[in-house]
Amino acid sequence: MGIEEKLPSGVLLTTVEGVAGYMRKASFWPATFGLACCAIEMMTSGGPKYDLARFGMEVFRASPRQADLMIVAGRVSQKMAPVLRQIYDQMPEPKWVLAMGVCASSGGMFNNYAIVQGVDHVVPVDMYLPGCPPRPEMLIDAILKLHDQVQHAKLGTNRRQEIEQQEGDALRALPTSEMKGLLR
Amino acid sequence: MAHDIYAGSNETTEGRVFTVTGQDWDSIAEGLADAGDADERVVVNMGPQHPSTHGVLRLILELEGETVTEARCGIGYLHTGIEKNMEFRSWTQGVTFCTRMDYLSPFYNEMSYVLGVERLLDIEDDIPEKAQVMRVLLMELNRISSHLVCIATGGMEIGALTVMTIGFRERELVLDLFELITGLRMNHAFIRPGGVAQDLPPGALDEIRDFIALMKKRLPEYAALCNANPVFKARLENVGHLDLAGCLALGLTGPVLRSTGYPWDLRKTQPYSGYEDYDFEVQTWDTCDSYGRFRIRLAEMWESLKIVEQAAERLARLEGAPVMVADKKIAWPSQLAVGSDGMGNSLDHIRHIMGESMEALIHHFKLVTEGFRVPPGQAYVPVESPRGELGAHVVSDGGTRPFRAHFRDPSFTNLQATSVMSEGGMVADVIVAIASIDPVMGGVDR
Amino acid sequence: MSDEKKVEQPAPEQSPENVPAPAGEVHPVGSRQGMFGVRGSGDTSGYGGLVQPIVYPGAAQRPFGGWHDEVADALEDRLRSDGLEHAVEQVVIHRGEITFHVRRDDLVAVAQLLRDDPRLRFELCSGVSGVNYPDDAGRELHAVYHLLSMTHNRRIRLEVAAPDADPHIPSIVGVYPTNDWHERETFDMFGIVFDGHPALTRILMPDDWPGHPQRKDYPLGGIPVEYKGGTIPPPDQRRSYN
């Protein structure tokens, strides 16, 4: 739905992709999803010393309807998971998710009954950021890498092809537990 | 446009649920009129994701216009099962878990747990003086940073964004000190049973003195911005009123209790870690409202700065003193240092255990993998955290793992006062009342 | 584990907890097999046959020393005049902390006395802590209350036990309203039902969660973690050293 699907492919599309990508990354509005300790580090990155405003990201939109980036900062408990999904669903496309900290990426040090072992069980994640908690500089680094990703994101038919390519690669990839022989 | 299940209203088993996002508030009024039953209560959910509810706190408010007739808290959205996780780790590893509970005052979590363990081990009198002074130094610095976050986020929640930016600016100074001393900005597992993990690095005392001098110039800014500000006072005065009887009945401690005028501070009444040797005052206010709690927190930051100054002075005289208990069967063996490939065991320590002393190697191995054994029994040693009485009920069955570690978190208890403070007031006052309690949801839900 | 086991060690002065207890007073709660956390086959440490009883600090003898005597006397006085002489089963003093083991039926009365009597005046209850001792037959679920007297500046502990088969303990919310959420949390985590609580529901876990997570028979619930070239099982199923 929307203009994206109706774009023709070709040289014109790549130029449009470049412009659209630049616009999207230059004012990337995060939704407040600060849960625990990582939320405090996220707040300090919005503070004066590690200024997120220089990337146009200072406005943490409280309403998911106005946000495009959900930084899941902190441990997601079983009770919070449906709320997380609801907020994600309420965000309009295009949207990205950054899993900040080890608890959001993989459950972190809390491998137990109460924590969802990685928010990718609940929402699709575009960038994983390890750390407990990650320093504000690490968060900014992850955001800049995400900016790169957004800048080079494809639209229309290119996007469909890209998705097919990536899914095929993921299905054929070697599982992590099978990557043996690396300790030589 | 596909049907958005989160927009509009729908019928559920509990009745009609309205989802409104802005510029459609009158749909609620119309919907209620349609329902025919004008006595239907409107229950508003200030959900777990909200910029002003101080973390993942769910407020269920029953409103009549702008007045709150009933306020309930829904908690548990950050329950991490830390207490159960600690039962599967050794006593020292437990510190890394409990430090993440109340994430704005990690040293206090560590301290309450470690004091309980040390009481069970019966080494309370053997903790070296330098470790005690370092613990006090770190705790008081943490108190300053925690109160700064409280004031900053409280200010943000009522719309005073400058308070937030300057609060976080000062907090960075404290975090730099933490990074210098413990290696981490937050969630340091630094206070361990027997002492502290590492000695003060060289140059730390100069940094601390510079910090004190700078804070003495910066702290008055908060007072200048807020104390006599008419908007600030109008929002905070007479909001969240809870008198002494109410506080004691609901078990509130910390700045909320001291705002009633009762000078109860565990650092003075039941001192631990050498607090009886420091010169500081217990701050109280007598208006029992949010403004009083704000003034108390400001004043407590000044007192903490005084204690930090005294601690730095004492540390200057304790150069080279040990920071871990002398009993080698309990003392954490390793020393960390930053090497060419990152942080790890210091090369001196490795040379010592690999080349010089077999006993040291055995102790290092046994203490790190197995841990020490704590005699069976239970202990409860509370500390005065920035939010109130924080205590760890530690039960040991004689093994190397905690049999049970339960934390009596002040925010958990203090948050019970939300209903009493908010009912009868306006919705905006609920925010201010909760901000004045200063709950940290990590501690509430653990 | 037989009740008649006498703990005898040749060198009591080397370790205070090895002092032999009076005969018949040693009440082991569970036992520890082997050493170094090795369980089952594969125990090559040589300590596989070692069985150590787990013995908690026993009942204290009068005089207790210090203010403990005052508090115990005052409590005993009031209990006797109210006809509740047998409310306190045991008094344990360990590391300077006094614990009164109270019979669960008399808990509310004891709490009321402790709060109201001027010699006791324990105004603040720091909450309930549940502990699950699966080896303490007939008394598996303990609820531990920490009381603080601000007037006299002292702390005591009350411990109440309930069996798994009948996990009910009277609620003291009427005496100490602060226990509202604490009792809900203990119910949520241990399944102890506090009779008389105004609204006993789950507080930390989702409302429809099955089971009570902090009980010892509830698994930690972790998942195995994938690394490059291997998988590490969750903490409660790993090889452990302790």
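Throughout, read-outs are computed from the coordinates displayed, never taken from laboratory work. Every value quoted in this text rests on a predicted model; they were computed, and no experiment measured them. Using ideal geometry, Cβ is built from the backbone for each residue, glycine included, and neighbour counts are taken over all protein chains shown.
Around the Cα centre of the protein assembly as shown, unit charges on the Cβ atoms of Lys, Arg, Asp and Glu (plus for the first two, minus for the last two) sum to a dipole of about 2120 debye. In the distance distribution for chain A, Cα-Cα pairs more than 26 Å apart total 37 percent. Computed over chain C, the per-residue total of -39500 (n - 2.57) for DSSP H runs of n ≥ 4 gives a 222 nm mean residue ellipticity of -5000 deg cm²/dmol, rounded to 500. When peptides A:89-95, A:162-168, A:75-81, B:417-423 are ranked by their average number of other Cβ atoms within 10 Å per residue, the highest-first order is A:75-81, B:417-423, A:89-95, A:162-168. Based on C-alpha pairs under 8 angstrom that are at least 6 apart in sequence, chain C has a relative contact order of 13 percent.
Rounded, prolate or oblate: which fits segment C:173-222, taking a ≥ b ≥ c as square roots of the Cα gyration tensor eigenvalues, rounded meaning a/c under 1.5, else prolate when a/b beats b/c? Prolate, because a/c is 1.5 or more and a/b exceeds b/c. For the pair segment A:79-112 and segment C:193-227, the centres of their Cα atoms are 22 angstrom apart. Positive contributions from Lys and Arg (+1) and negative ones from Asp and Glu (-1), summed over other residues with Cβ under 11 Å from the Cβ of B:THR260, come out at -1. If both residues of a DSSP beta bridge must be in the protein assembly as shown, then about 80% of such bridges are antiparallel. Electrostatic bookkeeping for C:THR151 treats Lys and Arg as +1 and Asp and Glu as -1; over the other residues with beta carbon under 14 Å from its beta carbon, the sum is +1. Count Lys and Arg as plus one, Asp and Glu as minus one, and take only other residues whose Cβ is under 13 Å from that of C:THR99; the net charge is then 0. If R0 is 56 Å, the Cβ-Cβ spacing of B:ALA326 and A:VAL16 corresponds to a FRET efficiency of close to 0.20.
Specify which residue in the list C:HIS152, B:PHE365, A:VAL122 is farthest towards the positive end of the charge dipole of the protein assembly as shown, using unit charges on the beta carbon of Lys, Arg (+1) and Asp, Glu (-1), about the Cα centre. After comparing all options, I get B:PHE365. Counting only other chain Cβ atoms within 10 Å of each residue's Cβ, the peptide B:369-377 averages 4. Each of C:PRO210, A:LEU35, B:GLN49 was placed along the dipole of the protein assembly as shown (beta-carbon charges, centred on the mean Cα), and the one lying farthest toward the positive end is A:LEU35.
Put a plus charge on the Cβ of each Lys and Arg, a minus charge on the Cβ of each Asp and Glu, and nothing anywhere else: the dipole of chain B about its Cα centre is then about 1220 debye. Calculated over segment B:167-232, the projected area of the Cα convex hull averaged across directions stands at 5.9 nm². Given segment B:292-353, report the % of alpha carbon pairs whose separation exceeds 17 Å. Across segment B:292-353, Cα pairs with separations above 17 Å total 67 percent. Simple rule: put +1 on each Lys or Arg Cβ and -1 on each Asp or Glu Cβ in the protein assembly as shown, find the dipole, and look at A:GLN66, A:PRO133, C:PHE122; the Cα lying farthest toward the positive end is A:PRO133. The helix-only estimate of mean residue ellipticity at 222 nm for chain B, built from DSSP H runs of length n ≥ 4 each weighted as -39500 (n - 2.57), is -14000 deg cm²/dmol after division by the residue total.
Sorting the segments B:228-234, B:171-177, B:436-442, B:328-334 by their residues' average number of neighbouring beta-carbon atoms within 10 angstrom, most packed first, yields B:436-442, B:171-177, B:328-334, B:228-234.
The mean number of Cβ atoms from other chains found within 10 Å of a Cβ in peptide B:116-122 is 2, as a whole number. The separation of segment C:66-145 from segment B:43-78, counted between C-alpha centres, amounts to 37 Å. Residue by residue along B:380-391, Cβ atoms of other protein chains within 10 Å of the local Cβ number 2 on average. Taking the longest Cα principal axis of chain B as reference, the axis of helix B:204-226 is set at about 20 degrees.
Measuring nothing but how far apart in sequence close Cα pairs (under 8 Å, 6+ apart) lie, relative to its length, segment A:63-182 scores a relative contact order of 21 percent. With the highest mean first, a sort of the peptides B:365-373, B:426-434 on other beta-carbon atoms found within 10 angstrom per residue produces B:426-434, B:365-373. According to the Kirkwood relation over distinct C-alpha pairs, the hydrodynamic radius of segment A:31-140 is 13.7 Å. Taking label points 7 Å from Cα along the Cα-to-Cβ direction, C:ARG62 and C:ASN153 give a separation of 2.8 nm.
In angstrom, the C-alpha Rg and Dmax of the protein assembly as shown are 28.3, 96. Rounded to the nearest 10 degrees, the inclination of helix B:358-369 to the longest alpha-carbon principal axis of chain B is 10 degrees.
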